[in-house]
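Structure record follows, encoded as structure tokens.
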Amino acid sequence: MPRKKLQPAIHPFDQTHGTDTSGLIPGTTIVQGTNAKVEELTAYYGVAPSILAGLIDHWLQQAHPKSPIDRTVFLDVGAGKGRAILLASQHPFLRVEGVELNADLAAIAQANIDLWVEDPTANPLAPIELHHADATLHPLPAEPTLAFLFHPFELPLLRRFLRHIEASRTNNPAPFDLIYANAEHDSLLDHHPAFTRLWMGRVAMTPADHVADLAAIAEQKEYGSTGDELCGLYRYTGRTTKPSA
């Protein structure tokens with residue numbers, strides 16, 4: 001008899017809220033219908049709620065933000081299905097924005113937002129905006145910003161995004177901090193003359209999130225789960241000299 005196909009693992013977050021943020025979507029799927037190159041993209045995988053909560057807490061406690069949270073925009077770069085923007089909206093940010101390149105993922109994220117704002121158990125504290133756009137070109141918030149990157153880019157796109165930040169802050173002194181989760185290319189930021197590392201370390205998932213993570217990871221062979229993520233906090237501090245052309 002043929003083996004039964006296993007049902008995709010649904011994260012408890014989605015089970016609670018009726019949203020669709022689970023699953024691992026490879027870059028080969030995300031690149032479809034875009035102008036990006038597959039080698040520039042990584043996979044979509046929703047951040048563990050406990051990881052994001054821990055990172056926002058680290059930002060508040062370790063980074064000594066230059067602007068209070070209620071005057072800061074949370075910006076999810078490569079929002080995918082939108083789990084991070086939903087979770088971030090439970091904090092009192094000025095607003096939460098997400099930018100997603102893939103049209104299908106952006107549509108799923110918007111549907112999740114529509115469910116979330118009507119969910120009496122969600123209790124969002126910040127308004128949410130989603131942009132179907134290229135994050136390396138889409139205008140960045142003019143206000144103080146906390147960008148969140150869950151390793152959405154390989155090096156070429158990450159370099160392009162950092163240049164985009166520099167260009168946007170040339171004549172705008174508003175603070176710009178960056179959370180880099182699953183920091184595969186931390187050396188680029190560590191050696192970048194316009195960014196200063198504030199903190200680097202591993203953030204652990206709760207046991208419940210780790211169980212959910214293991215269930216999702218078990219459905220494929222490319223990725224594993226250690227129960228934590230290597231993450232960094234960075235601040236845009238500008239260059240002392242102008243970049244070369």
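Some notes on this structure:
- Heavy-atom accessible surface of the chain, averaged per residue, reaches 50 Å², computed with a 1.4 Å probe.
- Given (1) 77, 56, 36; (2) 68, 39, 33; (3) 48, 40, 38, the label whose value is Cα extents along the principal axes in Å derived from this model: (2)
- Förster radius 41 Å - calculated FRET efficiency between Thr16 and Asp190 (Cβ-Cβ, nearest 0.05): 0.65
- Helix-derived mean residue ellipticity, 222 nm - over the chain, DSSP H n ≥ 4, -39500 (n - 2.57), to 500: -9000 deg cm²/dmol
- Taking the average, over residues, of other Cβ atoms within 10 Å as the packing measure, peptides 66-76, 113-123 rank 66-76, 113-123 from highest down.
- Förster radius 45 Å - calculated FRET efficiency between Ala204 and Asn35 (Cβ-Cβ, nearest 0.05): 0.75
- Here the chain has 54 percent of its accessible surface on carbon and sulfur atoms, given a 1.4 Å probe and all protein chains in place.
- Virtual spin-label span in nm between Ala215 and Arg95, 7 Å along Cα→Cβ: 3.6 nm
- Springs join every pair of Cα atoms under 10 Å in this Gaussian network model of the chain, and among Gly78, Gly23, Gly98 the largest mean-square fluctuation is at Gly23.
- Cα-centre dipole for the chain with unit charges at Cβ (Lys and Arg positive, Asp and Glu negative), debye to 20: 580 debye
- Under the simplified labelling scheme, the His64-Asp228 pair shows an inter-label distance of 2.5 nm, with each label point 7 Å from Cα along Cα→Cβ.
The values are calculated or read from the model by the stated rules, or taken from the named source; none is laboratory data. These numbers were taken from a predicted model, which means no experiment stands behind them. Here Cβ is always computed from backbone atoms with ideal geometry, including for glycine, and neighbour counts include all displayed protein chains. Quick note on the areas: whole protein, heavy atoms, side chains included, nothing else; ligands and nucleic acids left out. Shrake-Rupley method; radii C 1.70, N 1.55, O 1.52, S 1.80 Å.
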